[in-house]
Amino acid sequence: MQARPNKKDFSQWYDYVIYNADLIDIRYGVKGTVVYKPEAMDIIDSLYSLFESKLKERGHKKYLFPLFINYSSFKKEADHIKGFEEEVFMVNRAGGKDLEEPLIIRPTSETAFYPMFSIWIKSYRDLPMKTYQSVAVYRYETKATRPLFRGREFLWIETHNVFPSEEEAKRHVEEDISMMSEQLKDLGIPYLIVKREPFDRFPGADESYAYDAIMPNGEVLQVATTHYLGQNFTKPFEVKYLDQDGSYRIPYSTTLGIGITRILAAIISVHGDDYGLYIPPQLSSVKGIIVPILYGSSGDEVKKYMQHVIENAKPYVFIPDTGEETPGEKFYRSELYGFPLRIEVGRKEVENSTVTVYRRDTRKKVVVNLKDLKVKLDEIIEDMKKNLKNKSESLKDIPEAKNREEVLKLLKQHPIIKMDFCGRAECAMDLKKATEGYEVRGELVEAKEKAGERCAWCGEKALRKVIVAKSF
Ligand SMILES: [Zn+2]
């Protein structure tokens with residue numbers, strides 16, 4: 001058996017597991033894109049249904065918009081186009097001829113939704129309008145790409161929502177924040193929710209909130225964002241509604257982008273270990289394999305017993321692995337693939353009417369009576385989910401730097417620090433340069449703290465306390 005790279009060598013480990021655990025194939029040949037294989041699609045489907053069901057509970061309706069956006073529509077919001085112009089793929093030719101008006105391949109879909117909102121929204125009765133779509137988006141990423149972390153095509157969910165008032169739109173942003181924090185907690189992903197600095201906002205947003213997953217090395221990965229858009233899109237797209245008093249008003253809007261591929265990258269990176277992946281049980285439609293351990297003539301009996309095991313485990317799905325490999329080889333592979341559980345059945349289990357259940361998260365085995373199997377699996381899976389939540393909350397206190405020297409000193413010991421900040425883009429840029437890549441990520445949303453007098457980096461008047469970290 002091939003030796004696995006140690007997780008401490010993260011890059012090597014990551015490339016090894018995503019390829020050997022059959023998640024993706026990077027040999028498609030178009031830069032920044034990958035082929036998603038069945039093991040990855042199983043998790044991706046689970047993530048989509050998890051988040052979509054939460055959105056539906058909140059009254060969002062699902063749409064599917066075209067991949068193409070008219071260029072004239074795309075350039076309607078000035079900041080938006082400025083922010084995305086360098087990143088978009090544009091179709092200039094079709095049918096062997098230059099197009100009169102180029103088509104934009106969606107990098108995000110505000111400029112697709114809003115022309116339709118202006119048609120659909122007529123009166124206060126049409127509001128709020130809460131929508132979403134689950135699609136791939138395309139951005140011409142020029143930084144180094146890493147599969148699932150950063151690519152030119154990525155999978156996400158984007159919500160686009162219109163409200164009659166500013167208050168309702170802002171309340172929706174708060175609901176996004178509590179939904180996302182609950183979901184990230186359940187998935188066992190440690191995270192910070194920050195309000196991005198004005199110079200770091202989504203192009204066209206009045207306020208941007210980011211969900212930064214904390215990776216094992218302390219670097220952060222933005223996995224989702226919520227933006228309060230004010231009237232920045234409804235105005236240029238002429239979305240208006242007739243209010244109860246008979247006057248026309250311009251509504252307010254929000255958007256939430258949930259990066260499905262990035263959440264997958266975070267799950268792989270946070271939960272994996274030297275043995276391979278660990279897929280949280282709620283994301284794995286197959287809970288594990290059943291491995292027969294055969295001695296001499298016990299084979300037929302064990303195989304017959306496995307059918308009882310499959311029946312008794314229902315509704316949990318276990319796949320019998322009756323291939324010719326040794327049990328050791330099967331264990332090795334099932335750990336690499338990260339199945340949450342594994343069931344082992346040998347002569348002893350048949351004689352005692354038991355099964356041996358192995359947990360991927362603790363790597364411990366427990367012997368269970370066959371007739372209690374379903375109940376025991378319920379308990380084990382509940383416990384695994386509890387462990388995930390604990391893992392998400394494991395973040396210790398974030399140390400604070402009071403001045404430039406302390407920033408430099410603390411960053412050598414802690415990957416994430418906080419400091420008072422002046423709010424200036426130049427100051428953040430200077431800090432990034434001097435610290436070789438540390439960024440001002442924004443103000444913590446859930447534990448808002450009062451700022452001190454002076455910016456710890458430049459000494460000018462401080463506006464907020466911000467998080468400083470390196471991003472993937
Ligand atoms: Zn400053």
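The table for this structure:
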quantity	calculated
Gain on full stretching of the segment that runs from Ser72 to Lys303 - 0.36 nm per residue minus C-alpha separation	76.7 nm
In Hz, Karplus ³J(HN,Hα) per residue of region 241-247 (6.51, -1.76, 1.60; θ = phi - 60°; x = Gly, Pro)	9, 8, 7, 4, 7, x, 9
Label zone at Lys31 (point 7 Å along Cα-to-Cβ), backbone N below 19 Å, region 132-157	138-154
Region 1-112: Rg to Rh, with Rh as the Kirkwood radius over Cα pairs	1.09
Calculated from backbone phi, Karplus (6.51, -1.76, 1.60) coupling profile of region 218-228 in Hz, x at Gly/Pro	x, 6, 10, 10, 5, 9, 7, 9, 10, 10, 8
Gyration tensor verdict on region 181-339 (Cα atoms; rounded if a/c is under 1.5, prolate if a/b is larger than b/c, oblate otherwise)	prolate
Radius of gyration and maximum dimension Dmax of region 400-469, Cα, Å	10.6, 29
Candidates per GluC sites (Glu not before Pro) in region 368-410, loop by DSSP, up to 16 other Cβ within 10 Å	Glu393
Rotationally averaged projected area of region 283-384 (alpha carbon convex hull; nm²)	6.0 nm²
Amide H contacts of Thr354 (H built 1.01 Å from N, under 5 Å, at least 5 apart or other chain)	Leu370
Theoretical FRET efficiency, 1/(1+(r/R0)^6), r = Cβ-Cβ of Ile293 and Phe65, R0 60 Å, to 0.05	0.70
Net charge of neighbours whose Cβ lies under 11 Å from the Cβ of Lys62, counting Lys and Arg as +1 and Asp and Glu as -1	+2
DSSP-assigned coil residues among trypsin sites (Lys or Arg not before Pro) in region 1-41, each with at most 10 further Cβ atoms within 10 Å	Lys8, Arg27, Lys31
Long pairs among Lys185/Lys418; Lys170/Lys195; Lys195/Lys450; Lys185/Lys402; Lys287/Lys374; Lys364/Lys386, criterion Cα-Cα beyond 20 Å	Lys185/Lys418; Lys185/Lys402
Residue-count net charge about Tyr140 - beta-carbon cut-off 9 Å; Lys, Arg +1, Asp, Glu -1	-1
Two-site label geometry, Ala3 and Glu182: point separation in nm, points 7 Å out along Cα→Cβ	4.7 nm
For region 66-179, Kirkwood radius (reciprocal of mean inverse C-alpha pair distance, Å)	16.1 Å
Qualifying GluC sites (Glu not before Pro) in region 313-356, DSSP loop, other Cβ atoms within 10 Å at most 10	Glu324
For Trp120, solvent-accessible area (1.4 Å; no DNA, RNA or ligand), Å²	80 Å²
Under Karplus coefficients 6.51, -1.76 and 1.60, residue-wise ³J(HN,Hα) of region 467-472 in Hz, glycine/proline x	8, 10, 7, 9, 10, 5
Cut-off 14 Å, label 7 Å out along Cα→Cβ of Trp120, residues of region 228-252 by amide N	239-240
Rounded if a/c under 1.5, otherwise prolate or oblate - region 330-472, Cα gyration tensor axes	prolate
Rg and Dmax of the chain, Cα atoms only, in Å	25.5, 86
Lys, Arg +1 and Asp, Glu -1 on Cβ, resulting dipole of the chain about Cα centre, debye, nearest 20	360 debye
Positive-end extreme of charge dipole, the chain - chosen from Ala266, Thr255, Ile157 (charges on Cβ)	Ala266
Simple label model, 7 Å out from Cα along Cβ direction - Lys56 to Met429, nm	4.7 nm
Kirkwood Rh, angstrom, region 10-271 [1 / mean 1/r, Cα pairs]	19.4 Å
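The values are calculated or read from the model by the stated rules, or taken from the named source; none is laboratory data. Keep in mind it's a predicted model, so treat the numbers as computed, not measured. Here the Cβ is made from the backbone with ideal geometry for all residues, glycine too, and neighbour counts use every protein chain on show. Note: accessible area is taken over every heavy atom of the protein model, side chains too, but ligands, DNA and RNA are not part of it. Shrake-Rupley method; radii C 1.70, N 1.55, O 1.52, S 1.80 Å.
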